[in-house]
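Have a look at the structure below before the remarks.
The values are calculated or read from the model by the stated rules, or taken from the named source; none is laboratory data. Since we're looking at a predicted model, the values are computed, not measured. Virtual Cβ from ideal backbone geometry, glycine too; neighbours counted across all protein chains shown. These accessible areas exclude ligands, DNA and RNA; they are computed on the full protein's heavy atoms, side chains included. Shrake-Rupley method; radii C 1.70, N 1.55, O 1.52, S 1.80 Å.
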Amino acid sequence: MTPVSSTLRSRRIVLASRPNGKPLHTDFRLEEAPVAEPGDGEMLLSVRYLSLDPYMRGRMDDRKSYSPPTPVGGVMEGEVVAEVIRSHHPDYHTGEMVLGRLGWLTHVVSDGAGLTKLDARFDPVTTALGVLGMPGFTAYTGLLNIGRPRPGETVVVAAASGPVGSLVGQIARIKGARAVGIAGGADKCCFVQDELGFDAVVDHRAGDFAQQLAKVCPKGIDVYFENVGGPVWQAVLPLLNKDARVPVCGLIAQYNDEHGAGPDRLAATMREVVSRSLTLRGFINTEFAAQRPAFLNDVSSWIADGRVLYREDVVMGLDRAPEAFIGMLEGRNFGKLLVDVTGTTR
Ligand code: NAP
């Protein structure tokens with residue numbers, strides 16, 4: 001393959017080394033390479049937005065999981081929205097926007113495999129990575145298939161200002177349930193209650209967090225949508241009602257834990273599972289792929305009629321992706337974390 005021009009180069013962020021606990025800047029490396037000329041049946045894509053998601057932390061470890069790890073030296077995995085800037089592909093035209101798992105990079109040649117064209121429903125296109133994308137789909141399917149909230153029930157969700165948690169609470173309310181959010185810090189808590197309209201919110205950083213949670217759940221918890229694990233889960237467990245449902249979606253509080261385990265409380269947890277007939281059900285959103293059309297229909301219409309709001313946190317420039325990703329694992333993002341790959345840095 002020959003380069004398109006001596007000036008057009010693709011920038012990419014690769015995994016430089018596997019983190020030991022919390023990822024460091026030195027675990028990432030920015031590289032540059034000439035961009036190849038697309039051949040017949042191929043096109044050149046310019047990435048506009050990169051989604052930064054908690055699951056990427058798992059891919060940095062060489063540990064058995066539902067998906068293989070990123071090799072050291074390999075481009076960091078990630079879903080992006082990209083624009084076709086040159087096409088020799090019969091089905092794609094210059095200017096079209098596509099969604100795909102292309103990774104943390106600026107340009108790439110593609111034959112179209114694994115890409116989805118974005119239609120007018122994705123306005124702005126960033127929604128394809130957030131509220132109308134994988135995180136939104138996770139919230140919708142996990143809550144409705146596993147949580148199954150009924151009118152009047154109490155639904156609790158942590159990381160409540162993020163793309164998964166914020167939609168979980170808003171859908172719970174649409175279904176007639178009471179939504180209680182858990183978030184980190186005053187700004188996020190205000191947003192969750194005042195703007196998203198949750199019935200109550202509790203700051204998990206407060207010293208008396210467990211007591212505050214009990215106070216805002218006077219009738220106990222019927223559905224706990226598990227996004228974080230750790231101490232938040234320990235505060236929720238005693239409040240779960242008989243027959244409560246727990247969609248286990250993620251455990252972000254534990255992702256930087258080297259050995260993937262905290263103090264062993266399994267015996268006590270299992271006792272609660274038995275005595276209160278609890279259902280804990282883990283899931284990966286892809287198992288519900290057939291429900292994507294219903295999801296897009298429902299959530300698009302809820303956005304259009306103002307029943308669902310979403311918030312995005314956009315960082316400028318690919319080189320800031322590692323810093324933003326590290327910050328997300330500590331709660332420094334506020335809304336769906338995206339990188340404007342073509343944005344000017346600093
Ligand atoms: P997000 O809310 O944008 O970002 C993560 C948030 O987690 C942070 O902003 C922070 O919010 C909270 N957090 C981080 N460390 C924490 C800790 N130690 N204790 C309590 N909260 C902590 O993330 P998201 O994309 O919506 O994802 C939410 C969860 O869903 C993650 O666990 C993710 O892995 C999971 N997920 C699962 C699937 C699936 O298919 N199963 C798909 C997508 C996402 P605060 O500052 O408010 O605490």
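Of the candidates 94, 70, 106, the single residue that is in contact (Cβ under 8 Å) with a residue 60 or more places away in the chain and among the polar types (S, T, N, Q) is 106. Can you find even one residue in segment 117-134 that is surrounded by fewer than 24 Cβ atoms within 10 Å (Cβ to Cβ), within 8 Å of the ligand (Cβ to nearest atom) and of a type outside the set (Gly, Ala, Ser)? Checked against the condition, which is being surrounded by fewer than 24 Cβ atoms within 10 Å (Cβ to Cβ), within 8 Å of the ligand (Cβ to nearest atom) and of a type outside the set (Gly, Ala, Ser), segment 117-134 yields at least one hit.
To keep it simple, each residue is scored yes or no on (1) aromatic (Phe, Trp, Tyr); (2) closer than 29 Å to residue 275 by Cα; (3) within 15 Å of the ligand (Cβ to nearest atom); (4) touching a strand residue (DSSP E or B) at 6+ places or on another chain (Cβ under 9 Å).
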site: 142; (1), (2), (3), (4): no, yes, yes, yes
site: 148; (1), (2), (3), (4): no, yes, no, yes
site: 159; (1), (2), (3), (4): no, yes, yes, yes
site: 163; (1), (2), (3), (4): no, no, yes, yes
site: 204; (1), (2), (3), (4): no, yes, yes, yes
site: 220; (1), (2), (3), (4): no, yes, no, yes
site: 225; (1), (2), (3), (4): yes, yes, yes, yes
site: 241; (1), (2), (3), (4): no, yes, no, yes
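For segment 171-187, a residue qualifies if it is crowded, with 22+ Cβ neighbours inside 10 Å and in a helix (DSSP H, G or I), and the qualifying residues are 171, 172. The single condition among (1) hydrophobic (A, V, I, L, M, F, W, C); (2) open to solvent by less than 10 Å² (accessible area, probe 1.4 Å); (3) not in a loop (DSSP other than H, G, I, E, B) that residue 198 does not meet is (3). Could you tell me whether segment 138-147 includes any residue that is surrounded by fewer than 24 Cβ atoms within 10 Å (Cβ to Cβ) and on the phi > 0 side of the Ramachandran plot? Among the residues of segment 138-147, not one is surrounded by fewer than 24 Cβ atoms within 10 Å (Cβ to Cβ) and on the phi > 0 side of the Ramachandran plot, which makes the answer no. Listed here are the strands (runs of 3 or more DSSP E) enclosed by segment 1-92 that have at least 3 residues being crowded, with 16+ Cβ neighbours inside 10 Å and at pLDDT 95 or above: 9-15, 43-51, 80-87. Kindly indicate whether residue 249 is in contact (Cβ under 8 Å) with a residue 24 or more places away in the chain and more than 15 Å from the ligand (Cβ to nearest atom). It is false that residue 249 is in contact (Cβ under 8 Å) with a residue 24 or more places away in the chain and more than 15 Å from the ligand (Cβ to nearest atom).
Selection over segment 240-265 of residues that are at pLDDT 90 or above and either out of contact with any helix residue (DSSP H, G or I) (no Cβ under 6 Å at 6 or more places or on another chain) or part of a loop (DSSP other than H, G, I, E, B) (or both) gives a count of 11. In this structure, residue 57 does not qualify as over 17 Å from the mean Cα position of the chain (by Cα) and either within 16 Å of the ligand (Cβ to nearest atom) or over 24 Å from residue 12 (Cα atoms) (or both).
Here residue 203 passes the criteria (1) open to solvent by less than 30 Å² (accessible area, probe 1.4 Å); (2) at pLDDT 95 or above; (3) within 26 Å of the chain's Cα centre (by Cα) except the one numbered (1).
Residues that are open to solvent by 30 Å² or more (accessible area, probe 1.4 Å) and away from the ligand (no atom under 16 Å from the Cβ): list the strands (runs of 3 or more DSSP E) wholly contained in segment 270-346 that include at least 2 such residues. Of the strands (runs of 3 or more DSSP E) lying wholly inside segment 270-346, none has at least 2 residues that are open to solvent by 30 Å² or more (accessible area, probe 1.4 Å) and away from the ligand (no atom under 16 Å from the Cβ).
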